[in-house]
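Inspection log for the structure reproduced underneath, given as structure tokens.
The values are calculated or read from the model by the stated rules, or taken from the named source; none is laboratory data. Everything numeric here is computed off the predicted structure, so don't read it as measured data. To get the accessible areas, we keep the full protein, side chains included, count just its heavy atoms, and leave off ligands, DNA and RNA. Shrake-Rupley method; radii C 1.70, N 1.55, O 1.52, S 1.80 Å.
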Amino acid sequence: MLDARQWPGSLTEYAENLLTLAEILFADPRHFFRSYSAAEIGRMMTTTTGSRTPA
């Protein structure tokens with residue numbers, strides 16, 4: 001996860017997926033009490049579909 005070159009797609013898509021994932025995790029405090037593996041976070045980044053709107 002630290003090397004964005006290993007992710008499929010463009011760097012922009014990677015950044016958008018990472019930001020969407022962060023929004024989901026920050027939306028509910030219960031996420032902070034769960035241990036997520038790198039594989040699980042990777043799965044969440046590739047399956048999470050959400051549209052971010054510019055502020």
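By the gyration tensor of its Cα atoms, with a ≥ b ≥ c the square roots of the eigenvalues, what is the shape of segment 1-43: rounded for a/c under 1.5, prolate for a/b over b/c, or oblate? Here segment 1-43 falls in the oblate category.
Ranked from largest to smallest solvent-accessible area, with a 1.4 Å probe on the protein heavy atoms, Ser35, Ser10 come out as Ser35, Ser10.
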